[in-house]
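What follows is a single structure, written as structure tokens, with notes after it.
The numbers here are math on the coordinates, done by the rules we state, and not lab data. Bear in mind that the values here come from a model prediction, so they are computed numbers and not experimental data. Backbone-built Cβ (ideal geometry, glycine too); neighbour counts: all protein chains shown.
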Amino acid sequence: MSKQPLIAQLKVAGAAVFAAVLLAPAAGAQSPQKTLPDAPSEQLIAVLGQAPAMQEQPQTATPQTTAPAAKAPSGSELTIAQAEQMAIQHNPNISIARLLALVQAQVTRQVRSMEMPTAEGALTAVDAHDGSRITAGALSNPSIYNRAAGGLVVSQLITDFGRTHHLVLSAQSNAKAQLESERATELDITLTVDQAFYQALTAQAVLKVAQQTVSQRQATVDQVGALTKAKIRSDLDLSFANVQISQAKLLLLDAQNNVQSAMAVLNNVLGSDQDEQYTLVDETGGAPPPAPDDPEAMVKAAFTARPDLASLNDKYIAARQYSTAERDLWMPTLSAMGAVGGTPVRADQILSSWYGTAGAIISIPVFNGFLYNAEEKEAKLRAQAAQEDVRNLRDVIARDVRTAVLNAQTAYQRIAVTQQLLDQANFALDLASARYKIGLSGIVDITQAQLNQTEAEIAHTNAQYSYQTALAVVRYEIGQ
């Protein structure tokens, strides 16, 4: 046997031992996981509460304090329920909806006043020319007497054969529609809060991944630099490692910007113009609830629970009632009127010092240039348009509910798939790191494994909070 293969094997073994000796000091300074660019997958999963934390690397920060250290937010903790309540109390859109509901209630009172009696007081003083009469501008020629008097005139609508009654019903339906619109606005704001809250949690979780990625890739740069100085690795390996740390820093900058942007969006929906910094409490720990699986039952529930559909339906009822009121314009109007008063200063022709009278007035429309016909036709067409609005919204709700359920089911499946992807990426990174230690693979293998692991980590994070957002959309679509 030739001694050459034995010598070659000894050289390879000597190089491996030399590399292990170089790596040993760095390993003594920190845990074994930090010597190589292993993924922070276990830590992030523990933060999100979706899986138990692994025994390596104890967490030094609470799961909620994921904002960048430079900002050092000191605000109070904020749960999603508290955020929803704050938005309902302070968001201006909610205030606008409530004020409009109060406005419509006053409109109802205005219309109902037509059924109530009216009373007017009058004071009159006249200095007339003797023997004169009003002879122009009127069909009658009443006499004018010197007088000073005061009195009270009372009038009461007896019946207009349903017109005023239908106007009151229409106003009441509009008021009810506005109340439903207020509730619909609250649901809109609640959904927006949920979306902004989960977006902020996602941004903060990605920021944590970016921070850990920078830290661990820096460890890789240090290790490769040591190997380069020892002439075990080439400068090309060090260059690849520096490229990776630069990419990680860019990821960190983007993550920091996304955190601040997400917090600004959250402050906006909470009704605040201040740059408040909250410690968001992640309450999605444990296994996520299963995705809904019966969209047709949810469609039926949405038809009965959606406040915007109820509002449109009330507006259609109001339009139909107003159309009936416009039809009743052709009906007669019967009113009673009475007047009573005193005339302390009067001409000789006025014998009594007080007066009193009562009577009834019947008004029968005959012709008014087809005005009533046009108003009735307009009201009927508007009622038909309102009915079509209701039908259109029902179609939209059915579509949106089915779409929301499908999106939730897909988002739920993505959690398991991204978890598998993350597990495989972690395994591949561990294997590439081990092979790189003993010189069986190059820097390209480990950098590609690091990139895959980071992408898988971010994808898993997005999948978790995307599913929570999808569930919020489902709750909104069915009117909860």
Original post:
Where in the range 304-337 is the amide nitrogen less than 15 Å from a point lying 7 Å along the Cα-to-Cβ axis of A122?
Top reply: 337
Original post:
For Q384 and L440 in one chain, what is 0.36 nm times their gap in residues minus the Cα-Cα distance, to one decimal in nm?
Top reply: 12.4 nm
Subject >> At most 11 other Cβ within 10 Å, DSSP loop - GluC sites (Glu not before Pro), the range 300-377 >> reply: none
Original post:
Hey, got a sec? Which chymotrypsin sites (Phe, Trp or Tyr not before Pro) in the range 347-449 land in a DSSP loop and have at most 15 other Cβ atoms within 10 Å?
Top reply: F367, F370
**OP:** Compute the length gained on full extension between A374 and L152: take 0.36 nm times their separation in residues and subtract their Cα-Cα distance, giving the result in nm to one decimal.
**Re:** 76.1 nm
**OP:** Between L253 and A297, take the C-beta separation as r, use R0 = 45 Å, and let me know the FRET efficiency to the nearest 0.05.
**Re:** 0.45
**OP:** Report, in debye and to the nearest 20, how large the dipole of the range 134-213 comes out about its Cα centre when Lys and Arg carry +1 and Asp and Glu carry -1 on their Cβ.
**Re:** 300
Subject >> Estimated distance in nm for a label pair at D222 and V243, the labels positioned 7 Å out from Cα along Cα-to-Cβ >> reply: 2.4
Original post:
Separation between the I361 and T410 pseudo-spin-labels, each 7 Å from Cα along Cα→Cβ, expressed in nm?
Top reply: 6.8
Original post:
Using r as the Cβ-Cβ distance of N462 and K231, and R0 as 35 Å, what FRET efficiency do you calculate, to the nearest 0.05?
Top reply: 0.25
**OP:** Whole Å is fine, so just give me how far the alpha carbon centre of the range 376-433 lies from that of the range 280-313.
**Re:** 11
Subject >> Dipole magnitude (debye, nearest 20) for the range 242-355, charges at Cβ of Lys, Arg, Asp, Glu >> reply: 600
Original post:
Which listed residue (L253, V269, A302) has the Cα farthest towards the positive end of the charge dipole for the range 248-325, taking +1 on Lys and Arg C-beta and -1 on Asp and Glu C-beta about the Cα centre?
Top reply: A302
Original post:
³J(HN,Hα) across the range 198-212 via Karplus (A = 6.51, B = -1.76, C = 1.60, θ = phi - 60°), whole Hz, x for Gly/Pro?
Top reply: 5, 5, 5, 4, 4, 4, 6, 5, 5, 4, 5, 4, 5, 5, 5
Subject >> Sparse-neighbour loop sites [trypsin sites (Lys or Arg not before Pro); the range 198-294; at most 12 other C-beta within 10 Å; DSSP] >> reply: K231
Original post:
Can you give the FRET efficiency for D423 and Q110, using 1/(1 + (r/R0)^6), R0 = 56 Å, r = Cβ-Cβ distance, to the nearest 0.05?
Top reply: 0.25
Subject >> Whole-number percent relative contact order across the range 169-319, with pairs defined as alpha carbons under 8 Å at least 6 apart >> reply: 47
Original post:
What residues from the range 87-101 fall in the zone where the backbone N is under 19 Å from a label point 7 Å along the Cα-to-C-beta line of E276?
Top reply: 87-96
Original post:
Which value in nm describes the separation of the simple spin-label points at H90 and L102, placed 7 Å from the Cα toward the beta carbon?
Top reply: 2.1
